[in-house]
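> I'd like to ask you about the structure that follows.
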Amino acid sequence: MSHHFSTEIPEGDNRPRRVCQECGWIDYVNPKIVVGAVCTWEDKILMCRRAIEPSKGLWTVPAGYLEVRESCEDGARREVKEEACAEVEIESLLAVYSLPHISQVQMMYKARMLSADFGVGEESEEVELVTWNEIRWDDLAFRTVTWALRHYREVEGRETFATFSNPEPI
């Protein structure tokens, strides 16, 4: 069955949506969820240099889009495995960032690496374990990476998540 869509405000709704003129199906377009983790081994943080756009060549923590039928924690673990070939235990939620200008919600976790083993995944050019002082602050891929690292430092050693999100205006 092919759909023939028009844009209209469905009954009981308050904003324009794409609606199939044959069957009435509404195509809800919702924000994407990104999951990731600040992963640690002893006193070091796992960082990945991006091999893909956006921000190719810049540094990030492992993160990416949540897949359908995947828990947020499983998604964060999968992203760490894909980007840094590392196994982690998710310890706790670190922060949630609301990014309406790009229709994203980002959920960042604190994670502990199960061993010092890691490698370069297909979306990474390089992967390193770095101390806090070795973080390349001027070469981070996204503001949310900076926020997550700072929030990690803020709550390091505590069983709590960061006290606020979106610390800078968008």
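The values are calculated or read from the model by the stated rules, or taken from the named source; none is laboratory data. Worth saying up front: this structure is predicted, and the values here are computed from it rather than measured. Here Cβ is always computed from backbone atoms with ideal geometry, including for glycine, and neighbour counts include all displayed protein chains.
> All but one of (1) closer than 26 Å to Asn30 by Cα; (2) outside any loop (DSSP other than H, G, I, E, B) hold for Glu126; which doesn't?
Status for Glu126: all satisfied but (1).
> Another one. I'd like to check something: does the stretch 40-60 contain any residue that is outside the structural domain of Pro16 (by TED's automatic domain parsing), under 12 Å from the mean Cα position of the chain (by Cα), surrounded by 15 or more Cβ atoms within 10 Å (Cβ to Cβ) and of a type in the set (A, V, I, L, M, F, W, C)?
no
> Let me ask another. For the stretch 21-62, how many residues meet the condition of being aromatic (Phe, Trp, Tyr), at pLDDT below 95 and in a strand (DSSP E or B)?
Number of matching residues: 0.
> What's the number of the condition Val34 fails, among (1) closer than 18 Å to Phe142 by Cβ; (2) surrounded by fewer than 16 Cβ atoms within 10 Å (Cβ to Cβ); (3) hydrophobic (A, V, I, L, M, F, W, C)?
(2)
> Of all the residues that make up the stretch 87-108, how many are more than 9 Å from the chain's Cα centre (by Cα) and within 17 Å of Arg77 (Cα to Cα)?
10
> Could you count how many residues in the stretch 83-121 are part of a strand (DSSP E or B) and either closer than 12 Å to Ile33 by Cα or in contact with a helix residue (DSSP H, G or I) (Cβ under 6 Å, 6 or more places away or on another chain) (or both)?
Residues in the stretch 83-121 being part of a strand (DSSP E or B) and either closer than 12 Å to Ile33 by Cα or in contact with a helix residue (DSSP H, G or I) (Cβ under 6 Å, 6 or more places away or on another chain) (or both): 14 in total.
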